[in-house]
Amino acid sequence: MVFEILKEEIRYQMKQALLHYNINEKDINIEITEPPLKEYGDFSCNLAFLLSKNLKKNPFEIAKYIVNDILPNFKGKENEKSLIKSVSVEKPGFINFTIDMKKFLKIFFSNIQSITQMPKYGNNKELILIEHTSVNPNKALHVGHIRNAVIGDCLYRLLLSTGHNVKVLNYVDDSGLQVADIITAFKYANIPFEEENIPGITKKFDHYCGNYVYVKINELYATRPDLEVKRKIILKELENPNVEISKFTQQIVKRVLRDQLQTCWNLKCHYDILNFESQLIQSDLWDNIFKTLKEKKVIRFETSGKNVGCWVFTSKTEGDKVLVRSDSTITYFAKDIPYALWKLGYIENPFELEFISQQWDNTNLYQTTIKNIENEKSNVHSLIDFEVKKVITIIDYRQERLQSLLVEILINLGIEKTKYSYLGYEPVTLSNKTAELFGFSLKNKKSTQMSGRKGIFVEADVALDLLIKKAHEEINKRNEYISEREVSQIAKEIAISAIRYYFVKHDIGKMITFDINDSLSLEGDTGPYIQYSYARGKRIYNKIENINDYLEDYALTDLDLTSTEIELIKQVSKFSSTIKESVNNTDPKLVARYLFAVSALFNNFYEGSPILKETGNKKNIRIKLLCSTLSIMEHCMKIIGVTPLEKM
């Protein structure tokens with residue numbers, strides 16, 4: 001709130017320079033940032049650089065003229081309520097602003113309650129749909145899949161916290177090649193349907209299917225070409241819901257899916273609706289969309305060349321993409337089109353929703369089923385009560401090209417580009433030490449990419465169990481008087497928080513290397529460090545008697561604060577602007593980084609500003625700062641999924 005007021009005042013002053021030069025502000029993208037060094041002030045503006053091209057002058061000269069000649073003649077600059085103390089110029093042309101700290105602190109302590117409230121930006125009559133996780137139902141989730149799930153879940157929490165109407169979809173590809181592989185294994189390769197005592201295979205069905213069945217069938221293809229023929233037949237039969245193979249496949253898929261969901265629930269991920277690819281094919285969705293694509297000439301039928309007999313979409317940038325093969329089977333990419341249009345609400349909904357179960361957060365999870373017109377008593381649950389404002393899909397970066405093609409097709413169908421977006425994340429590699437923990441020898445390599453076919457991966461369940469075990473050991477080393485039950489609960493929350501924070505704190509477009517030990521560290525940029533900072537604060541909070549007396553709204557007489565306290569106040573004041581930026585950029589990472597910055601500054605405050613031994617006005621100020629910081633941390637921890645602990 002306070003920082004937004006400051007930025008608005010700076011922006012208003014810069015507009016006076018634009019008026020002087022007779023330049024429309026819409027043509028100039030003014031950026032207000034924080035300078036790298038404190039001696040440069042509290043804010044910095046790039047206006048002089050932006051004007052340099054238009055005015056054909058040196059940015060430094062332009063900046064000096066704005067500060068020395070234009071702003072002094074601006075009447076609003078001398079406003080008694082102005083929070084800007086001084087304006088200066090720094091080479092090669094930055095205009096720097098210094099806060100009037102006395103006025104700033106007065107506003108902060110007068111508005112603590114509003115400053116620490118979660119800002120609301122959403123319109124609950126407009127629906128945002130987020131699709132994430134969407135792992136093939138033939139295996140357990142590995143740590144690379146966690147990145148998708150955590151990014152998506154943090155984005156859901158961010159939008160929900162800021163007043164948006166948001167639902168989460170999990171797309172189940174139950175008719176693709178990898179599912180056909182395990183069905184071929186069970187039906188035609190004599191691989192047992194139930195788990196056996198196979199060394200290294202856990203009793204979870206998703207582990208059994210991914211670690212043994214999928215691997216075994218791919219080995220058999222080399223010597224059993226008949227199995228590949230069977231797989232091709234299965235893929236075709238999966239388009240018909242009434243045949244025996246489709247019904248058997250659904251039994252297998254739902255068992256795997258049940259275990260996958262449990263993994264995600266263990267990481268505190270939330271879903272609203274499960275969608276099934278097979279239903280998109282088995283309903284009339286594809287037939288209707290296929291007809292529309294042909295009528296609007298978005299696709300064409302090839303009569304010659306390498307794609308003869310196929311229906312093809314020609315992209316302006318990517319060339320030809322086959323949607324329907326010459327044997328009339330639908331490509332993987334083609335199935336995305338009706339699903340995207342269904343999510344956007346642009347086609348008649350052929351589905352109803354059926355309750356599956358209650359989730360870890362006491363919310364209900366539903367799955368789509370094809371409408372049964374004859375069954376009037378079917379368990380119907382409305383999916384979209386409001387207009388869909390936007391669809392956001394979290395994807396592996398390797399799918400970005402296909403998503404870009406999908407957006408191009410949607411535009412050709414008359415849909416606004418802004419309504420459909422995707423966030424592509426880079427893959428997760430394993431560090432050398434983490435790989436060795438799980439029995440993979442990398443020799444001299446620092447890290448390795450995971451590969452299901454090569455057997456180099458770490459299941460999410462296994463990684464979480466190991467993190468819990470290590471956290472348990474650390475707690476026992478540091479605390480002798482906590483009960484075993486409490487130790488187990490704390491260890492679990494530390495492990496979940498560690499893994500969630502680790503996967504959301506990085507730039508989405510960068511490859512990350514997962515290291516078990518780094519993620520659990522109590523020092524540095526980690527979830528446990530944030531939990532430790534919070535626990536330190538709560539320990540002080542719980543010792544303050546009659547704390548509400550200190551939080552009453554009355555004037556503080558002395559605002560002579562230490563530099564550490566001022567830096568923490570400035571950081572706390574950025575809360576609402578950080579949340580707003582994170583929402584606007586659909587980037588929960590910004591909240592994670594802000595949370596770490598607050599935690600680090602709070603630790604400095606904890607070390608240098610004692611509270612319990614203080615008296616009078618100084619104690620009052622520090623208690624207010626303590627409470628406002630803890631409140632801000634709680635908001636951010638909820639978004640990221642870091643559990644606030646009072647003991648560590």
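A few points about this structure:
- Among helices (runs of 4 or more DSSP H) entirely within segment 1-72, having at least 2 residues that are under 30 Å from residue 120 (Cβ atoms) singles out 2-20.
- Residue under evaluation residue 343, criteria (1) closer than 23 Å to residue 388 by Cα; (2) basic (Lys, Arg); (3) outside any helix (DSSP H, G or I), criterion not met: (3)
- Those strands (runs of 3 or more DSSP E) lying entirely in segment 386-436 with at least 2 residues more than 17 Å from the chain's Cα centre (by Cα), within 25 Å of residue 164 (Cα to Cα) and in contact (Cβ under 8 Å) with a residue 24 or more places away in the chain: 387-396
- Of all residues in segment 111-146, those satisfying the criterion of being more than 30 Å from residue 186 (Cα to Cα) and under 15 Å from the mean Cα position of the chain (by Cα) are 128, 129, 130, 131.
- Identity of the residue in segment 502-527, more than 16 Å from residue 475 (Cα to Cα) and of a type in the set (D, E, K, R), that ends up surrounded by the fewest Cβ atoms within 10 Å (Cβ to Cβ): 510
- Checking residue 226 against (1) surrounded by 14 or more Cβ atoms within 10 Å (Cβ to Cβ); (2) modelled with pLDDT of 95 or more, the condition it does not meet: (1)
- Checking each residue in segment 95-109 for being out of contact with any helix residue (DSSP H, G or I) (no Cβ under 8 Å at 6 or more places or on another chain) and in a helix (DSSP H, G or I) picks out 102, 103, 106.
- Test: residue in segment 590-607 that is under 23 Å from the mean Cα position of the chain (by Cα), part of a loop (DSSP other than H, G, I, E, B) and not aromatic (Phe, Trp, Tyr): no
- Of all residues making up segment 459-503, the number that are over 26 Å from the mean Cα position of the chain (by Cα) and polar (S, T, N, Q): 4
- Filter result for residue 230 (in contact with a helix residue (DSSP H, G or I) (Cβ under 6 Å, 6 or more places away or on another chain) and either assigned to a helix (DSSP H, G or I) or outside the structural domain of residue 270 (by TED's automatic domain parsing) (or both)): yes
- Of all residues making up segment 318-345, the number that are at pLDDT 90 or above, out of contact with any strand residue (DSSP E or B) (no Cβ under 8 Å at 6 or more places or on another chain) and either over 24 Å from residue 132 (Cβ atoms) or of a type in the set (Ser, Thr, Tyr) (or both): 3
- Restricted to segment 74-99, and to residues there that are more than 24 Å from residue 51 (Cβ to Cβ) and buried (at least 16 other Cβ atoms within 10 Å of the Cβ), the residue that is modelled with the lowest pLDDT is 83.
- Test set (1) within 17 Å of the chain's Cα centre (by Cα); (2) over 15 Å from residue 268 (Cβ atoms) - residue 149 fails condition number: (2)
- Matching option when the condition is outside the structural domain of residue 235 (by TED's automatic domain parsing) and either surrounded by 14 or more Cβ atoms within 10 Å (Cβ to Cβ) or touching a residue at least 60 places away in the same chain (Cβ under 8 Å) (or both), among 273, 289, 252: 289
The values are calculated or read from the model by the stated rules, or taken from the named source; none is laboratory data. From a predicted model like this one, the values you see are computed outputs, not experimental measurements. Because the Cβ atoms are built from the backbone with ideal geometry, glycine has one as well, and the counts that use them run over all protein chains shown.
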